[in-house]
Every structure is written in structure tokens, then in C-alpha cells.
Amino acid sequence: MTKKDLSGFRPETKLALAGRDHDRSEGAVNPAVHRASTLIIPEVEGLYGDAKRTYALDGMAIHEALKEALIAVEGGAGVTLSSSGLMACVLPILAFARDKAEVLMVDSVYGPTRRFAGRMLKRLGIKTRYYDPMIGAGIGDLITEKTCAVFMESPGSLTFEVQDVPAIVAAAQAREVPTIIDNTWSAGVYFKPFEHGVDVSIQALTKYQAGHSDLLMGATLSRTHETAEKIRWAAKEMGVGTGPDDAYLALRGMRTMAARLAQQSASALRIAEWLKARPEVARVLHPAFADCPGHANWKRDFSGASGLFAFVLRAVDEKAVTRMLEGYCVMAMGFSWGGFESLITPSDLSLQRTAVPWRAEGPLIRLSVGLEHPDDLIGDLEAGFGRLAGA
């Protein structure tokens with residue numbers, strides 16, 4: 001079956017059609033799942049070389065279908081799947097790293113990525129220098145002959161600064177330095193990194209693509225075939241792979257992702273506006289709000305917002321915050337986002353900043369809005385503010 005050209009369709013249609021090959025699936029709507037490790041190679045000449053898949057770690061038909069769907073939605077020339085979103089972040093850094101090199105990493109980066117840089121990269125002799133998320137074209141002043149990559153995350157997953165990606169990419173390209181972005185917040189739907197010249201885009205498929213909080217997987221997408229091959233070989237050399245059942249679940253989740261994103265986005269914006277009017281709240285950090293750092297970049301470069309944002313409480317006793325957080329009926333505390341369920345977490349302890357100090361009026365609270373009715377979530381939050389006040 002000839003692959004359909006989906007380039008002229010909207011995201012909702014791409015998500016429904018991408019990765020479907022009825023010939024490959026013997027007529028089934030969904031692709032087959034092959035649970036395999038060993039592959040039988042009938043000819044001696046097929047045992048070695050790179051022209052043919054020789055081991056299931058390289059992926060089977062279900063993996064290819066998922067890759068096709070990811071590219072149809074976000075673009076790019078190739079995808080490497082991995083066992084988690086963190087591994088998807090790690091792979092391109094290691095692929096571009098070299099002896100005594102330096103990575104420029106945004107100061108608002110995902111905590112585990114920062115931990116990897118501070119431990120693993122440091123042990124390997126690779127320096128990490130953190131930069132202000134709002135640096136824009138000023139990143140050019142930090143790039144040296146030792147710089148092997150510029151790592152972005154936009155918006156930051158705790159404090160939600162939206163970076164000036166085109167300006168950063170232009171400065172990096174002028175020095176022939178590859179750029180990487182963690183684009184999980186947009187799910188590859190609301191922001192298109194490759195249209196701005198980014199070399200590598202990362203998706204934690206655990207989040208919106210899976211959508212049901214029941215699998216771990218990441219994807220590293222590349223703008224060019226050359227970069228895709230570099231990252232594929234990095235994964236192959238480290239034995240990175242993913243199970244077929246998880247690939248199936250991620251692809252199945254993508255079929256409904258547009259509908260989920262639309263509802264979660266609308267609910268999150270409504271709740272954010274409600275929080276903005278609350279006397280207990282000092283600030284709401286949502287890229288769609290004019291006072292969020294980088295809002296102008298979001299308005300220029302993004303086509304929408306997902307269901308993850310944060311708010312800052314006014315100065316308050318720590319025990320009162322604990323009372324508030326431990327009594328919710330609809331929401332729960334947990335370290336993830338993008339699933340069908342709403343999650344709330346205190347984020348101050350996760351904050352690490354070295355380039356630009358974090359200053360806030362009170363505790364930082366992150367909220368991932370799920371598929372529950374927004375009125376029920378608002379009611380849950382209102383009751384929490386009652387506990388915060390000691391009621």
C-alpha cells in the first residue's frame with residue numbers, strides 16, 4: 001500500500017490516519033503487535049550490515065507505525081523511540097557530545113535532565129553551562145568552540161518561560177552548533193520546532209500521546225536524515241529499545257490526543273483565569289497570559305496551549321500548604337502530567353536555578369488539568385483554599 005500524503009490535513013486528521021497501513025496489518029484498522037526478540041534471517045548475506053533489520057531491538061511494524069504517526073504530526077526526517085522521556089532527552093546530548101565539550105542548557109530545564117547533566121555528563125568530562133530562558137539571540141555570546149549543543153525547553157515545565165526559539169536557533173546555526181528542544185508541553189501539535197530550524201525535538205510520549213498514565217516512552221525526532229542516523233546509532237550502541245505493547249498503546253493514545261488536548265487546554269485556561277482572581281494567588285504562570293515570561297514568543301510561535309501550568313501562592317505557612325494539598329477529592333499529587341487525571345504538586349523543592357535566581361512571593365504549585373469537568377476541579381481547588389485559610 002502506498003503511504004498517504006497527509007501533509008495537507010489538519011492535526012486531528014493526521015492523528016487519525018497516520019501510521020495506518022492496511023496491507024501491513026492484513027486489513028486491520030490497527031497495526032499488528034509482534035512480540036519478538038530474535039528474527040530469522042534466511043540468507044547469510046542478510047546477517048550482517050545495515051540494510052536489513054536483524055534484531056527486534058531495532059523495532060517491528062508497530063514501532064514503524066508509531067514513528068510514521070509522530071512524523072506526520074510534528075514533522076522531521078526520522079524518529080528514535082526510547083524507554084522514557086528522560087532517555088529521549090539524553091540521547092541527542094550523548095550523540096552530539098565530544099571530549100571536553102560543553103552543553104548550553106536552559107536554566108528552566110526538566111529536573112531529571114538537569115540531574116543527568118550534573119552527574120553523568122560531569123563524570124564524562126562534559127561541562128554544562130546554564131543560561132537564562134529569556135536570553136534569545138544573546139545565546140550567541142555564550143557559544144564557543146567547545147559548545148557541542150544548545151538545549152532548550154519551551155515553555156519550562158515548572159516556571160513556564162517561553163523561549164525565543166527562532167533567535168536561539170539562528171545564533172546557533174551561525175556557529176554550526178546543533179539545537180535540541182524538549183517540546184513535550186506542546187505535544188508536537190501546538191509548536192513545530194523544525195519549521196524554526198531546530199535540529200532535534202523531544203517528546204515524552206508518556207504524557208499526552210499515551211494519555212492514560214499507563215506507559216513510559218520517549219521519542220527523539222530529527223529534522224534531517226543525517227541527524228536521525230547519528231541519534232539512531234547512539235541508541236543502538238547503548239541498547240536503547242522499546243516494547244511492542246507500549247508502542248501500540250502510545251499509537252492508540254495518539255488517535256484521541258487532539259480531542260483530549262482541546263478539552264484539557266480549554267479547561268486549564270478556564271481554571272487559570274479563575275485562579276488569577278483568587279486573593280490567595282500572587283501569580284498564574286500560563287503562557288497564554290500576557291504577564292507570563294515569553295508570552296509574546298508564545299503568541300507568535302504557538303497555535304495553542306496544553307493543560308499544564310503553575311501558580312504562585314502569596315506568602316503562607318508551610319503547614320497550611322500541606323493541609324491544602326493533602327485534602328483534594330478530585331485531584332491527586334503525582335510526578336507526571338498529560339494523562340486523563342488532574343495532578344497537583346508543590347514544586348519549590350524541584351526548582352534549581354543557577355543562571356537566573358527564582359524569586360516568588362510564596363510557594364509554587366504546578367497543575368496538570370485532566371478530563372474532569374472544570375467546575376468540579378474549581379470546586380476542589382476552592383475547598384483547598386478553605387483548608388489553606390484554616391477553615
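Filtered by the rule that a residue be under 25 Å from Arg10 (Cβ atoms), part of a loop (DSSP other than H, G, I, E, B) and in contact with a strand residue (DSSP E or B) (Cβ under 8 Å, 6 or more places away or on another chain), the range 183-205 gives Asn183, Ala187, Gly188, Gly197, Val198, Leu205. Can you tell me which residue is surrounded by the most Cβ atoms within 10 Å (Cβ to Cβ) among those in the range 21-55 that are touching a residue at least 60 places away in the same chain (Cβ under 8 Å) and aliphatic (A, V, I, L, M)? By that ranking, first place goes to Val33.
Does any residue of the range 311-331 turn out to be in contact with a Lys or Arg (Cβ under 6 Å, 6 or more places away or on another chain) and in a loop (DSSP other than H, G, I, E, B)?
Taking every residue of the range 311-331 in turn, at least one turns out to be in contact with a Lys or Arg (Cβ under 6 Å, 6 or more places away or on another chain) and in a loop (DSSP other than H, G, I, E, B).
Among the candidates Phe302, Phe335, Phe309, the residue that is farther than 15 Å from Ser154 by Cα and aromatic (Phe, Trp, Tyr) is uniquely Phe335.
For Leu349, the criteria (1) at pLDDT below 95; (2) not in a helix (DSSP H, G or I) hold in every case but one, which is (2). Considering the range 272-310, and only residues there that are among the acidic types (Asp, Glu) and either outside any helix (DSSP H, G or I) or touching a residue at least 40 places away in the same chain (Cβ under 8 Å) (or both), the residue that is nearest to Tyr208 (Cα to Cα) turns out to be Asp301. Under the condition of being charged (D, E, K, R), closer than 19 Å to Phe96 by Cα and touching a helix residue (DSSP H, G or I) at 6+ places or on another chain (Cβ under 9 Å), which residue from the range 152-206 is surrounded by the most Cβ atoms within 10 Å (Cβ to Cβ)? For the range 152-206, the residue satisfying everything is Asp199. When the residues of the range 276-290 are filtered to those that are touching a strand residue (DSSP E or B) at 6+ places or on another chain (Cβ under 8 Å) and among the basic types (Lys, Arg), which remaining residue is surrounded by the fewest Cβ atoms within 10 Å (Cβ to Cβ)? That would be Lys276. Once the range 130-160 is narrowed to residues that are within 21 Å of the chain's Cα centre (by Cα) and part of a strand (DSSP E or B), the residue that is farthest from Trp337 (Cα to Cα) is Ala149.
Is the range 341-355 home to any residue that is touching a Leu at 6+ places or on another chain (Cβ under 8 Å), crowded, with 17+ Cβ neighbours inside 10 Å and among the hydrophobic types (A, V, I, L, M, F, W, C)? Yes, the range 341-355 contains a residue that is touching a Leu at 6+ places or on another chain (Cβ under 8 Å), crowded, with 17+ Cβ neighbours inside 10 Å and among the hydrophobic types (A, V, I, L, M, F, W, C).
Kindly indicate whether Ser350 is among the small types (Gly, Ala, Ser), touching a helix residue (DSSP H, G or I) at 6+ places or on another chain (Cβ under 9 Å) and closer than 16 Å to Ser108 by Cβ.
yes
Tally up the residues in the range 130-151 that are surrounded by fewer than 21 Cβ atoms within 10 Å (Cβ to Cβ) and more than 25 Å from Leu351 (Cβ to Cβ), please. Number of matching residues: 8.
Tell me, yes or no, whether the range 86-96 has at least one residue that is assigned to a loop (DSSP other than H, G, I, E, B) and either under 30 Å from Gly338 (Cβ atoms) or among the aliphatic types (A, V, I, L, M) (or both). Lay out the reasoning, then the answer.
Initially, the range 86-96 is screened for residues assigned to a loop (DSSP other than H, G, I, E, B), giving none.
Checked against the condition, which is being assigned to a loop (DSSP other than H, G, I, E, B) and either under 30 Å from Gly338 (Cβ atoms) or among the aliphatic types (A, V, I, L, M) (or both), the range 86-96 yields no hits at all.
The values are calculated or read from the model by the stated rules, or taken from the named source; none is laboratory data. What you see is a predicted model; the values in this text were computed from it and never measured. Note that each Cβ is placed from the backbone with ideal geometry, even for glycine, and that neighbours are counted across all protein chains shown.
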